[in-house]
Amino acid sequence: MANQEDVFKKVISHAKEYGYVFQSSEIYDGLSAVYDYGQNGVELKNNIREYWWRAMTQLHDDIVGIDAAIFMHPTTWKASGHVDAFNDPLIDNKDSKKRYRADVLVEDHVAKIEAKIDKEVAKAAKRFGEAFDKEQFLATNARVKGYQEKATAILKRLGQSLEKEDLADVKTLIEELGIVCPVSGSKNWTDVKQFNLMFGTQLGATAESAMELYLRPETAQGIFVNFLNVQKTGRMKIPFGIAQTGKAFRNEIVARQFIFRMREFEQMEMQYFIKPGTQKEWYEAWKEKRMNWHLSLGMGEENYRFHDHEKLAHYADAACDIEFKFPFGFRELEGIHSRTDFDLGSHEKYSGKKLQYFDPEENKSYVPYVLETSIGLDRMFLAVFSNSLREEALENNTTRTVLQLPAVLAPTKAAVLPLLKRDGLPEIAEKLVNDLKWDMNVAYDEKDAVGRRYRRQDAVGTPFCITVDHQTLEDETVTIRHRDSMEQQRVKMDKVKGIITDAVAMKAWLKKI
Ligand code: ATP
């Protein structure tokens, strides 16, 4: 595959062509940054959610789940700081009239510098061959070090300016870096302004009695306001966690990059309530746990990295992102935040209710500190989907498109294919489908030559194809074809379920964490 942009275009068109992701209300030309999941997309999304949910709740006896409403009392958002501080810095280009997030413009500029480093590394790797030591090269090559220093300095200055709310300096930085509008190519920028990302709506029938509400911009606050309900009814002892998945809404200024940045999206969040003073160790522990969760899916260690925040949000005393290598470069996939007692303390203040925990060991009450892990389900979907899509050159000079989804997440685990549409083969295949369908999603396909059917299942990401042929009539064996290796294995029909279940079962994958 060619350049990043082509790869990303291919991801988007493949997602549509194979029933994964559609533009919302497409017949009306769509709605910007809003997407629908199709027949395969919903299965992949459900599987990712379940993989997260089970890792968090089932495998942690100190974490329970809840499902809070999207609508919340409006004071929630005053207390959380969102009314006053949930802003993004925006900037307009006067020539193209296009609007951008000022921080994203700078980050994209830095990504270009990082791409230059990658290029130098690739060049050197070619030159030195087997003797190439990447770490050493990065540490010693003058040009690469120069790029690195430049990138770090830019991000540091951006972080500091945002922290101080010095928007004039953010504009100066954009000017100094010579950043041009990707549409008009000009440097004719407006000043940088703040823009609140929450969607407002109303509750109630008449204008006079209506209450101004917000659609929640994060799921976390539903957990904070239920902290005592869960702690008391579940008799939870600190440290303990509450997990939740659900929709969140943000009026994003720049909504491009497909499902990476949506206006309606889903989050998977977990708040872990801890004793004040223990936040550093829990921060490190959750960084490790969450990275292990990602790595268990086998999508390549080199595609992940931690990125410490320069600019800490109003609630945090330490924060980092787990970044993933998307088709457009490394970007945030998940956030890990040490939120101190900011949220519970603030809800105490605004509600006038005590949100404290009585610690029997310490024999005193306190507002717990919170460690949060927060990942976008749709963004994880994009990570999995884009990482899995491959165009493979085959020996016979053809190529195949294959979606190498981790088998545990694949929408359909197996397709059963009768070699021919006669001689009793479809009947046997249907029987096999009826046997397997109680344990997994299976497909049946009898149309076209078997080679084409394999290609279709490759493209949609089905890890196994089971073919029923004439030998099946004689000895009750079938072939299992493996999507990634394309190898075929002949097995007794009654062994099929066991073989496939072992490979796709969530249990087997969760054990790798
Ligand atoms: P970004 O800097 O990309 O805007 P953020 O730092 O505001 O993200 P958080 O508030 O920490 O994000 O949200 C936690 C997670 O929710 C993010 O890591 C991301 O995976 C996901 N997320 C946030 N905003 C969006 C969005 N608009 N569309 C899809 N996923 C999102």
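The values are calculated or read from the model by the stated rules, or taken from the named source; none is laboratory data. This is a predicted model, so every value here is computed, not measured. Positions of Cβ are backbone-derived with ideal geometry, glycine not excepted, and every protein chain shown enters the neighbour counts.
The figures follow:
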read-out: Cβ-Cβ under 6 Å pairs, at least 6 apart or on other chains, the range 357-380 side assigned by TED's automatic domain parsing to the domain that holds Phe249 and at positive phi, far side within 16 Å of the ligand (Cβ to nearest atom) and assigned to a strand (DSSP E or B); value: none
read-out: Subset of the range 219-242 that is outside any helix (DSSP H, G or I) and touching an Asp or Glu at 6+ places or on another chain (Cβ under 7 Å) - its residue that is farthest from His14 (Cα to Cα); value: Ile238
read-out: Given (1) within 16 Å of the ligand (Cβ to nearest atom); (2) of a type in the set (Gly, Ala, Ser); (3) surrounded by fewer than 21 Cβ atoms within 10 Å (Cβ to Cβ); (4) under 30 Å from Val230 (Cα atoms), number of the condition Ser351 does not satisfy; value: (1)
read-out: Inter-residue pairs, beta-carbon under 8 Å, first free of Cβ contacts under 8 Å to residues at least 24 places away in the same chain and under 23 Å from Asp84 (Cβ atoms) and in the range 180-208, second surrounded by 12 or more Cβ atoms within 10 Å (Cβ to Cβ) and of a type in the set (Phe, Trp, Tyr), 6+ apart; value: Gly200/Tyr214; Thr201/Tyr214
read-out: Hey, Ile238 away from the ligand (no atom under 14 Å from the Cβ), more than 29 Å from Ser32 (Cα to Cα) and in contact with a helix residue (DSSP H, G or I) (Cβ under 6 Å, 6 or more places away or on another chain) or not; value: no
read-out: Search result, residues across the range 40-77 that are in a loop (DSSP other than H, G, I, E, B), surrounded by 17 or more Cβ atoms within 10 Å (Cβ to Cβ) and not aliphatic (A, V, I, L, M); value: Asn40
read-out: Residues located in the range 241-260, provided they are modelled with pLDDT under 95 and near the ligand (Cβ under 8 Å from one of its atoms); value: Glu252, Ala255
read-out: Test: residue in the range 128-137 that is out of contact with any helix residue (DSSP H, G or I) (no Cβ under 8 Å at 6 or more places or on another chain) and not in a helix (DSSP H, G or I); value: yes
read-out: Sole exception among (1) within 15 Å of the ligand (Cβ to nearest atom); (2) surrounded by 14 or more Cβ atoms within 10 Å (Cβ to Cβ); (3) at pLDDT 95 or above for Leu155, by number; value: (3)
read-out: Candidates Leu405, Leu425, Leu432, filtered to the one that is under 22 Å from Leu44 (Cα atoms), buried (at least 17 other Cβ atoms within 10 Å of the Cβ) and either touching a residue at least 40 places away in the same chain (Cβ under 8 Å) or of a type outside the set (Gly, Ala, Ser) (or both); value: Leu405
read-out: Matching residues in the range 354-383 - criterion: being within 16 Å of the ligand (Cβ to nearest atom) and in a strand (DSSP E or B); value: Val370, Leu371, Glu372, Thr373, Ser374, Ile375, Gly376
read-out: Some residue of the range 265-276 being away from the ligand (no atom under 16 Å from the Cβ), surrounded by fewer than 19 Cβ atoms within 10 Å (Cβ to Cβ) and at pLDDT 95 or above; value: yes
read-out: Which listed residue is in contact with a Pro (Cβ under 8 Å, 6 or more places away or on another chain), among the β-branched types (Val, Ile, Thr) and within 18 Å of Lys431 (Cβ to Cβ), from Val496, Val468; value: Val468
